[in-house]
Amino acid sequence: MRGLHEHFNSGSIDGSEYKIFVFDECHRLSIEAQTLLLKEVENGLSFIYFIFCSTDSEKILKTLRNRCMSFEFKRIPPDEMRRLLHDVCGKERVKYIPEVLERIVEKSEGMARNALYLLQQKIMLLRNGDEITSPSRRIDLGQICSISNHKS
């Protein structure tokens, strides 16, 4: 953390006018690290933006939380998730069995990142030429039929 202080106050490498720092799972940072971040946030340099991501915001220093704008993300409803996966399959020219997408929707628990990752795994198996119709290669989500080589 201490080494980051130098990066906060230096100009950007690529010459852009902004610097953005993303801290994922920032509630896991020590109190000392959060205190250092609080000092940087309070400096208020106009070209620096901080994004603090957390699944347990109560573990973040209250003073740090008070200086942030909060956005709470909610799980995506199943119908919306189905549309997302259907759209991705269309753009990737993937023919699928509807039950497969349904299983992905269920396993993703409302998180688009999880759903897209599961779908990506299935598509990669097909594009790598693996035989996924045989039981030994089948991922427990079922099967996607084939990838179309023609453009829609």
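The values are calculated or read from the model by the stated rules, or taken from the named source; none is laboratory data. These numbers come from a predicted model, not from an experiment. Cβ placement follows ideal geometry from the backbone for every residue including glycine, while neighbour counts extend to all protein chains displayed.
Looking at region 93-102, is at least one residue in a helix (DSSP H, G or I), at pLDDT 90 or above and assigned by TED's automatic domain parsing to the domain that holds Lys122? Can you show your working first?
As a first pass, look at region 93-102 and keep what is in a helix (DSSP H, G or I): 98-102.
Pick out the ones that are also at pLDDT 90 or above and you get 102.
Next cut, assigned by TED's automatic domain parsing to the domain that holds Lys122 only: 102.
Within region 93-102, one or more residues are in a helix (DSSP H, G or I), at pLDDT 90 or above and assigned by TED's automatic domain parsing to the domain that holds Lys122.
Name, by its number, the condition in (1) surrounded by 17 or more Cβ atoms within 10 Å (Cβ to Cβ); (2) under 30 Å from Glu17 (Cα atoms); (3) among the basic types (Lys, Arg) that does not hold for Lys122.
(2)
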